[in-house]
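The values are calculated or read from the model by the stated rules, or taken from the named source; none is laboratory data. Since the structure is predicted, the reported quantities are computational estimates derived from the model, not experimental observations. Here the Cβ positions follow ideal geometry from the backbone for every residue, glycine too, while neighbour counts run over all protein chains shown. Keep in mind that these areas ignore ligands, DNA and RNA; they rest on the heavy atoms of the full protein, side chains included. Shrake-Rupley method; radii C 1.70, N 1.55, O 1.52, S 1.80 Å.
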Amino acid sequence: MRKIAPTVLSALVAAMAHSPASARELATLTRLDDQTVELARTDTAPATIWISTDTALDKNDQRIAAASRDAALKLPIPASERRYVIIQGKGGKTTVVAERVVPLQQGSNFRDIGGYVTKDGHTVKWDKAFRSGAMPLLTEADYALLGQVNLGAVVDLRSIEEREVAPDMLDDRTGALFLANDYSLKPLFAKMAKSGGENMYQGMEIMLVPQFRALFNRLLANEGAVVYHCSAGQDRTGIATALIYDVLGVDRETILKDYHRSTELRRPQWEMPKVDPADFPNNPILKYYAARADGQPPKAEPLYTPSGASHLAQFFTYLDQQYGGSEGYLKQKVGLTDADIAKLRKTMLD
């Protein structure tokens, strides 16, 4: 378990307070309650606001406002419906926005990776890829909501031990293709323990080559949305997400801000079903999820090292030194070609 000294944590909070308030997004949707979201826009030029069942503006969409200049606007979108807001500006130009945090009842850290603006002005498309923690306790309402998205594949980044006690069912419920590769969590835990909390991700890029290859192959196939996840949806999933964003051209400050949102968005109580550890005596993941002395599930911990560095920032430095960056790693180890990367950008970006 990672601990941060109070003085270090205070310094981190102070540093973040002086950083830009948000990642690069043209607009955001934030859920206020079960029936309402709030649209926030960075550009308040007059625009027509539509609610749509998909990402294309057509005659079936519902117009909510015309010539709106509101920086914030409340919209009637139930949590049970996957909806998109289309902002139509001057000359008919449109911007699509969806809820990044999918409002699942018993999900953890389930997010659409779309919506961020790249350094060259493109936008990552919505509903192409979703990241998440483990999903063993999704409700019927959760499955119904995810059934509204055209899911093509579930890529499970977890080990044999994790899948043994918390199996995926989303693929069975939606008909999506399921992909996983076998490995044990024990060497990974052992390496993390020896690291002292510093440079913890070094080497994971080698261990997870089969998983990352499966993920990028499904993104390139472009056969429906891809859900990828580990247990917490923050470390292995965080690395995978960072690789996708980095090669697409999202700036690293935005990537880091998105990565650190896992601390607030995780719900550890929904990541692991109630099982008797005695039934799985050699399973290391159960030690992590063991109840605290007060009977509560483990808390999500800030993703910083004892020295106060971001785990992902350290990993980016390592990737740059070892492979010349994310693109170099994906070419040298995962096996992507220049043509693959060009296709990925064409597929994933507006």
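Annotations
- Taking all Cα pairs closer than 8 Å and separated by 6 or more residues, the relative contact order of the range 129-228 comes to 44 percent.
- Think of a 1.4 Å ball rolled over the protein heavy atoms: the range 132-258 then has 33 Å² of accessible area per residue.
- Angle in degrees between helix 311-323 and the longest Cα principal axis of the chain, rounded to the nearest 10: 80 degrees
- Two-decimal log10 I(q)/I(0) for the chain, as the Debye equation yields it once each C-alpha is a single scatterer, q = 0.10, 0.14, 0.15 Å⁻¹: -0.62, -1.25, -1.43
- Förster-model FRET efficiency, 56 Å R0, D34 and Q332, C-beta, rounded to 0.05: 0.75
- In Å², nearest 10: area of F315 left accessible to a 1.4 Å probe: 10 Å²
- Volume in Å³ per residue [convex hull over Cα atoms, computed for the range 196-350]: 148 Å³
- Sequence-ordered 3J(HN,Hα) estimates for the range 144-155 from the Karplus curve with 6.51, -1.76 and 1.60 and θ = phi - 60° stand at 5, 5, 5, x, 7, 9, 6, 6, x, 7, 10, 9 Hz, glycine and proline given as x.
- Most fluctuating residue given options V85, V250, V37, as computed from a GNM of the chain linking Cα atoms under 10 Å: V37
- When the solvent-accessible area of the range 241-350 is split by element, carbon and sulfur atoms take up 51 percent of it, the probe being 1.4 Å.
- Degrees separating the helix 186-195 axis from the principal Cα axis of the chain, which is the longest one: 90 degrees
- Percentage, to the nearest whole number, of Cα pairs in the range 184-250 over 15 Å apart: 58 percent
- Built amide H within the under 5 Å cut-off of F178, gap 5+: V154
- For the pair the range 29-56 and the range 193-265, the centres of their Cα atoms are 28 angstrom apart.
- Look at the alpha carbon pairs under 8 Å that are at least 6 residues apart: their mean separation over the length of the chain gives a relative contact order of 18 percent.
- For the chain, the longest principal axis of the Cα atoms and the long axis of helix 338-348 meet at an angle of about 60 degrees.
- Carbon/sulfur fraction of accessible area - the range 113-160, other protein chains in place, 1.4 Å, %: 52 percent
- Which listed pairs, of K90/K346; K59/K93; K93/K125, have C-alpha distances above 20 Å, in listed order: K90/K346
- Taking every C-alpha pair closer than 8 Å and separated by at least 6 residues, the mean separation divided by the residue count of the range 243-350 gives a relative contact order of 29 percent.
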